[in-house]
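First the structure, in the form of structure tokens, and then the observations on it.
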Protein chains: 2
Amino acid sequence: MRDVWIAGAGMTRVGRRTEGLRDLMAEAAHAALATASIERPDAIVVAAMNPEEFLGDGNFASNVATHLGFADVPTIRIETATSSGAAGFYAGFAQVAAGLARRVLVVGGEKMTHLPTPRVSELIGRSIDPYERSYGATMPALAGLVTRALMARQPIGEREISQVSVKNHAHAARNPYAHFREPVSLERVMSSRMVADPLRLLHCCPISDGAAAVVLTAERTPVRVAGIGQGTDTLAIRHRYDLTSFRATQAAARAAFAMAGFGPARVDFAEVHDAFAPFELISLEDLGLVPPGKAVRATMHGETALDGRLPINPSGGLKARGHPLAATGLAQLVECVWQLTGRAEGRQVDGRVALAHSIGGLATNNWVTILESA
Amino acid sequence: MRDVWIAGAGMTRVGRRTEGLRDLMAEAAHAALATASIERPDAIVVAAMNPEEFLGDGNFASNVATHLGFADVPTIRIETATSSGAAGFYAGFAQVAAGLARRVLVVGGEKMTHLPTPRVSELIGRSIDPYERSYGATMPALAGLVTRALMARQPIGEREISQVSVKNHAHAARNPYAHFREPVSLERVMSSRMVADPLRLLHCCPISDGAAAVVLTAERTPVRVAGIGQGTDTLAIRHRYDLTSFRATQAAARAAFAMAGFGPARVDFAEVHDAFAPFELISLEDLGLVPPGKAVRATMHGETALDGRLPINPSGGLKARGHPLAATGLAQLVECVWQLTGRAEGRQVDGRVALAHSIGGLATNNWVTILESA
């Protein structure tokens, strides 16, 4: 299997955008191609979760490739719910690793803010097991259930969960690409309105528009893809043995570290899927970045802050950079590339090994990608 | 790049099915795994064009993997409109060729017949360029336009186009998996009701439900994937230089034959994307299977019939086996595997090299896959 490198990375500002998704994807894609000094890729992978219902447009890979000016470049679309961006990265990686293409553009994005929130919630809810959905389960409702189970098992209260939001908003305040640029206080998080007990508004990621892109290549660059792993779990959460850790994350991490040939101790910083603040605590342990039961302590002691021992979500995470669904897995990798190459002005962290962690659905289809600077 | 082989193939009967799509996919997948003597794949690729709108279900890769009993097997979804099955095959191929997985199950399918025909037409129409769609263009309308252009350029009349339908229905009559099992006469085709001038009902594929699956492996089996190629074109047909040949097919064929290391003369039989009967004539020439301008002659002289020199669509093709969208690209390959291994009872043709050709959208994202018996 050939080594795969990242030649370029780019993304749009995340937030409430007025442009169409094709324009957002074009902005991200052309930024990635420009930093890669590549005019034309050999292949394109498009990640989008549900452009059919968000926008009324299908055949979206051809739609985007044509709009980019690359109608004659082979293109496919990849979807694994909210981790579609990470899955698209894997599909591009496989093509380069196999020698089927030398330069692959992977671009992902979503446009949702033009729709009413209940409609967005309904469309995201299609990721939930149909039987559980039939009883009214929504993504925040299931996340609330997971959080209650976590609080029953570990000494985790509202304050601990809220500290994740405070930290990630503080990071996003330094990120010009983030949806939210203002810091929030612990008090403000803890007094924000209840969404799905015990989760409050400021424990949940926003509905965001945006796009992100990377260019993968078989030629050596400063950033190598050291490992990539996928993990899956049952669609229905009632079929799981454990609600307070995600088997899909654990399996993805095992596979990614096995490919990398080293363990979590080598990771210097990470972008972690904090669609709901407590998921960052669960994921830190599932990924092996902190020992079991120690995520709260690491968070409360500032170890996961920008100036801590192990910065988590320097971008602001899904919570504060925002979560434009299929853009997110790629936006995490863009942030890792920028950090590894010293281009994260205002929020720069040190390190040679970065990890990105993306959750699809309610942890049914998760990815871990490890990047290493050469 | 590693050689990739086909270890197993299976499909459902195509037609108006009462089962859900997950059940259809399970039937096809377990049939493919059984013929491969494989209990558990390393990875799963799910091809589905639009389960969100046809069924209201998303996160479909996890949904299907869980239903199959493989919740812990990594899975991704691939979509390239009506060629999604062929694209899924390519994604599985890339994983095996790269050494990322040894045994990949690729399963594709669609369930549409429970919806009213105008709604199906609207959903399939999402594949069309939004501007052209805004003027009322549907897939049959654009195919009618292409057909009129073809008839203006070549000596092709209604009789010639209709003969493709007659031939493919005759083939399907021998295929227990086909949607339509009855032969049709030239007169019946030519007097069927007009759908989109000059295309009549019996020039158009039906709306079908069904699923198909193959197992790809790095281990030697009787059938090798000799070549695989993708070709693309502008989403909008108004941006094309030529309406009467498909650049996407030509590019896909060039790439597939380049990988195979031989040319079209070695192809013994083919499954060709005849969603509309004249597309078979266009495609035979685009693929290089007959010289330019000779497709009509080959068809009228019986060369493309089951007992002809170059049997085309021994399964009955999209026209008569049926076109369950994301199943189709895989169903073509299942037919090729069955033919190459002597398991196409009642419609068996001779040959060692088979070609499958799949069109995505209105020829925006096409695939050519070449299989060779060892």
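The values are calculated or read from the model by the stated rules, or taken from the named source; none is laboratory data. The structure presented is a predicted model; accordingly, all values stated were derived computationally and were not measured. In this analysis, Cβ positions are derived from the backbone assuming ideal geometry, glycine residues included, and neighbour counts consider all displayed protein chains.
Taking the numbered list (1) in a loop (DSSP other than H, G, I, E, B); (2) within 7 Å of chain B (Cβ to nearest Cβ) in turn, A:His114 passes all entries but (2). Selection over the stretch A:47-56 of residues that are of a type in the set (A, V, I, L, M) and part of a helix (DSSP H, G or I) gives a count of 1. Comparison of A:Ile78, A:Ile44 shows that the only residue that is assigned to a strand (DSSP E or B) and within 8 Å of chain B (Cβ to nearest Cβ) is A:Ile78. The single condition among (1) outside any helix (DSSP H, G or I); (2) within 14 Å of another protein chain (Cβ to nearest Cβ) that B:Glu39 does not meet is (2). Check whether at least one residue in the stretch B:268-291 is over 21 Å from the mean Cα position of the chain (by Cα), of a type in the set (A, V, I, L, M) and either at pLDDT 95 or above or surrounded by fewer than 21 Cβ atoms within 10 Å (Cβ to Cβ) (or both), and report yes or no. No, the stretch B:268-291 contains no residue that is over 21 Å from the mean Cα position of the chain (by Cα), of a type in the set (A, V, I, L, M) and either at pLDDT 95 or above or surrounded by fewer than 21 Cβ atoms within 10 Å (Cβ to Cβ) (or both). Inside the stretch A:1-17, residues that are more than 14 Å from chain B (Cβ to nearest Cβ) and farther than 18 Å from A:Ala178 by Cβ make up a count of 4. Do you know which residues across the stretch B:146-159 are touching a residue at least 60 places away in the same chain (Cβ under 8 Å), surrounded by fewer than 20 Cβ atoms within 10 Å (Cβ to Cβ), outside any loop (DSSP other than H, G, I, E, B) and not aliphatic (A, V, I, L, M)? Listed by number, the list holds a single entry, B:Arg153.
Hey, any hits in the stretch B:49-57 for a residue that's acidic (Asp, Glu) and under 30 Å from A:Ala260 (Cα atoms)? No, because not a single residue in the stretch B:49-57 is acidic (Asp, Glu) and under 30 Å from A:Ala260 (Cα atoms). May I ask you to list the residues in the stretch B:57-74 that are within 7 Å of chain A (Cβ to nearest Cβ), in a helix (DSSP H, G or I) and of a type outside the set (Val, Ile, Thr)? Scanning the stretch B:57-74 gives B:Ala61, B:Ser62, B:Asn63, B:Ala65. Among the residues making up the stretch A:160-174, those that are of a type outside the set (Val, Ile, Thr) and either closer than 26 Å to A:Arg148 by Cα or in a helix (DSSP H, G or I) (or both) are A:Glu160, A:Ser162, A:Gln163, A:Ser165, A:Lys167, A:Asn168, A:His169, A:Ala170, A:His171, A:Ala172.
Looking across the stretch A:52-83 at every residue that is free of Cβ contacts under 8 Å to residues at least 60 places away in the same chain and under 18 Å from the mean Cα position of the chain (by Cα), the one that is farthest from B:Ala65 (Cα to Cα) is identified as A:Arg77. Taking the conditions exactly as written (closer than 29 Å to B:Pro41 by Cα and at pLDDT 95 or above), does B:Gly210 satisfy them or not? It is true that B:Gly210 is closer than 29 Å to B:Pro41 by Cα and at pLDDT 95 or above. So which of A:Ala143, A:Ala86, A:Ala94 is within 14 Å of chain B (Cβ to nearest Cβ) and either touching a residue at least 12 places away in the same chain (Cβ under 8 Å) or in a loop (DSSP other than H, G, I, E, B) (or both)? Being within 14 Å of chain B (Cβ to nearest Cβ) and either touching a residue at least 12 places away in the same chain (Cβ under 8 Å) or in a loop (DSSP other than H, G, I, E, B) (or both) holds for just one of A:Ala143, A:Ala86, A:Ala94, which is A:Ala86.
Quick check: is even one residue across the stretch B:338-355 within 12 Å of the chain's Cα centre (by Cα) and not in a helix (DSSP H, G or I)? Yes, the conditions are met somewhere in the stretch B:338-355.
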